[in-house]
Amino acid sequence: MKEPLILALESSCDETAVALTKGNKIICSLVSSQVKDHRPFGGVVPEIASRKHVIAINYLIDKALLEGNLDFKDIKAVAVCKGPGLVGALMVGMAGAKTLALALQVPLISINHIEAHIFSIIPENSWLKTPFVCLIVSGGHTMLVHVQNFGRYKLLGETLDDAAGEAFDKVAKFIGLSYPGGPEIEKAATAGNENKYAFPRPLLKSGDFNFSFSGLKTALIYFVRKLEAEGKQYKTEDVAASFQKAVVDVLVEKSINAAKQLGTENIAIVGGVSANSHLRNTFAEQAKNFRIKIALPSRDLSTDNAAMVGLAAGFHYLKRDFSNFKEDVDPNWPLISP
Ligand code: KG4
Ligand code: ZN
């Protein structure tokens with residue numbers, strides 16, 4: 001079957017994103033970040049996110065078509081992130097997608113945001129074949145999944161409390177860095193000593209593939225408060241570097257253990273935190289010792305974007321996984337239905 005041109009929309013959190021894809025090819029991918037709107041509040045304000053999506057989405061759709069030198073009549077399906085995410089933010093994308101699909105008389109394809117992150121691996125890693133272990137590590141999720149095939153996922157483990165990105169964001173806020181915290185901690189850490197403070201590595205030896213980052217965050221907060229109460233000097237950069245190392249150590253060791261246990265040679269790492277250079281470098285170093293190959297998306301595809309929604313939709317189009325116009329968003333839509 002000829003690969004259809006898909007218009008994809010993503011509005012689950014604080015990025016309004018529109019992309020045009022065809023099969024595994026990204027024709028155009030636009031992201032309008034709301035970071036500066038949320039920064040004064042130290043995190044995403046859902047109401048502001050929804051309103052900003054409304055303002056940006058039509059402009060981005062027009063711009064994508066212009067950049068791709070394409071017309072509405074060229075679109076063969078409209079894909080949208082249905083969840084998980086912020087309900088009001090998701091509703092903007094869903095309303096836009098339904099309207100377009102109805103007006104253009106083309107199928108509507110609802111995509112799970114976590115599955116979309118898995119598909120972000122495709123463009124840069126044509127060598128990667130299923131099955132593989134996938135670490136999904138973002139602001140909302142931290143999970144290890146066995147990708148038996150695209151569309152067939154087995155949950156190996158997940159965070160029992162905060163997601164890794166969430167911990168980056170909260171720790172950054174605590175040590176006075178701005179939102180979003182992940183890139184800020186990464187930047188500060190380059191000037192710090194990662195061995196200065198031995199923060200805990202939660203659940204590292206738990207024997208399963210679950211994670212926990214809330215306790216690490218709390219331990220760090222108590223530790224820094226104690227230093228301050230005792231009048232001891234410390235460098236934010238050392239705290240950032242030591243924290244980043246603690247998180248990365250756990251993510252890397254557990255992912256490699258999962259691959260070893262399942263006898264798979266390949267690990268894919270996706271989601272916003274996969275943009276982190278220390279995580280990328282540590283995975284690369286450790287994987288060599290176990291003859292494991294690491295697949296990473298480009299940094300643009302690590303953080304939220306609509307190209308990954310379009311790539312996932314290309315797969316679901318071939319299976320005719322179409323939604324009807326009664327479709328609604330699902331803020332808690334799991335990757336794997338119970
Ligand atoms: O995938 P994403 O864009 O949105 C969600 O689906 O959550 O991930 C956003 C998260 C934020 O918590 C952000 O701080 C984190 O990814 N992040 C990073 C880096 N870039 C983004 N964390 C660590 N290092 C980075 N360079
Ligand atoms: Zn995401």
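A residue that is away from ligand 2 (no atom under 16 Å from the Cβ) and part of a helix (DSSP H, G or I) can be found somewhere in region 23-37. Restricting the search to region 1-36, which residues are farther than 22 Å from Gly83 by Cα and among the charged types (D, E, K, R)? Of everything in region 1-36, those that are farther than 22 Å from Gly83 by Cα and among the charged types (D, E, K, R) turn out to be Lys2, Glu3, Lys22, Lys25, Lys36. Within region 255-275, track down each residue that is out of contact with any Gly (no Cβ under 6 Å at 6 or more places or on another chain) and of a type in the set (Gly, Ala, Ser). Once the filter is applied, which keeps residues that are out of contact with any Gly (no Cβ under 6 Å at 6 or more places or on another chain) and of a type in the set (Gly, Ala, Ser), region 255-275 yields Ser255, Ala258, Ala259, Gly263, Ala268, Gly271, Ser274, Ala275.
Applying the criterion of being closer than 15 Å to Arg39 by Cα and in a loop (DSSP other than H, G, I, E, B) to the residues of region 176-192, the residue that is nearest to ligand 2 (Cβ to nearest atom) is Pro180. Cβ separations smaller than 7 Å between residues 6+ apart or across chains give the following pairs from region 109-120 residues that are in contact (Cβ under 8 Å) with a residue 24 or more places away in the chain to residues that are more than 9 Å from ligand 2 (Cβ to nearest atom) and among the acidic types (Asp, Glu): Ile109/Asp321; Ser110/Glu327. Filtered by the rule that a residue be assigned to a loop (DSSP other than H, G, I, E, B), out of contact with any Asp or Glu (no Cβ under 6 Å at 6 or more places or on another chain) and polar (S, T, N, Q), region 293-330 gives Thr303, Asn305, Asn324. Taking region 128-163 as the range and being without any contact (Cβ under 8 Å) to a residue 24 or more places away in the chain, touching a strand residue (DSSP E or B) at 6+ places or on another chain (Cβ under 8 Å) and not β-branched (Val, Ile, Thr) as the test, only Gln148 passes.
Could you check, for region 43-62, whether at least one of its residues is surrounded by fewer than 13 Cβ atoms within 10 Å (Cβ to Cβ) and farther than 16 Å from Met91 by Cβ? The answer is yes; a qualifying residue exists. Report yes if Glu158 is closer than 30 Å to Asp208 by Cα, of a type outside the set (A, V, I, L, M), within 16 Å of ligand 1 (Cβ to nearest atom) and surrounded by fewer than 20 Cβ atoms within 10 Å (Cβ to Cβ), otherwise no. When the stated conditions are applied, Glu158 passes them. Screening the candidates Ser302, Ser255, Ser277 for the property of being within 16 Å of ligand 2 (Cβ to nearest atom), small (Gly, Ala, Ser) and within 23 Å of the chain's Cα centre (by Cα) yields one hit, Ser302.
No lab work stands behind these numbers, since they all come straight from the coordinates. For clarity, every value in this text was computed on a predicted model and none was experimentally measured. FYI the Cβ positions are ideal-geometry reconstructions off the backbone, even for glycines, and counts take in every protein chain you see.
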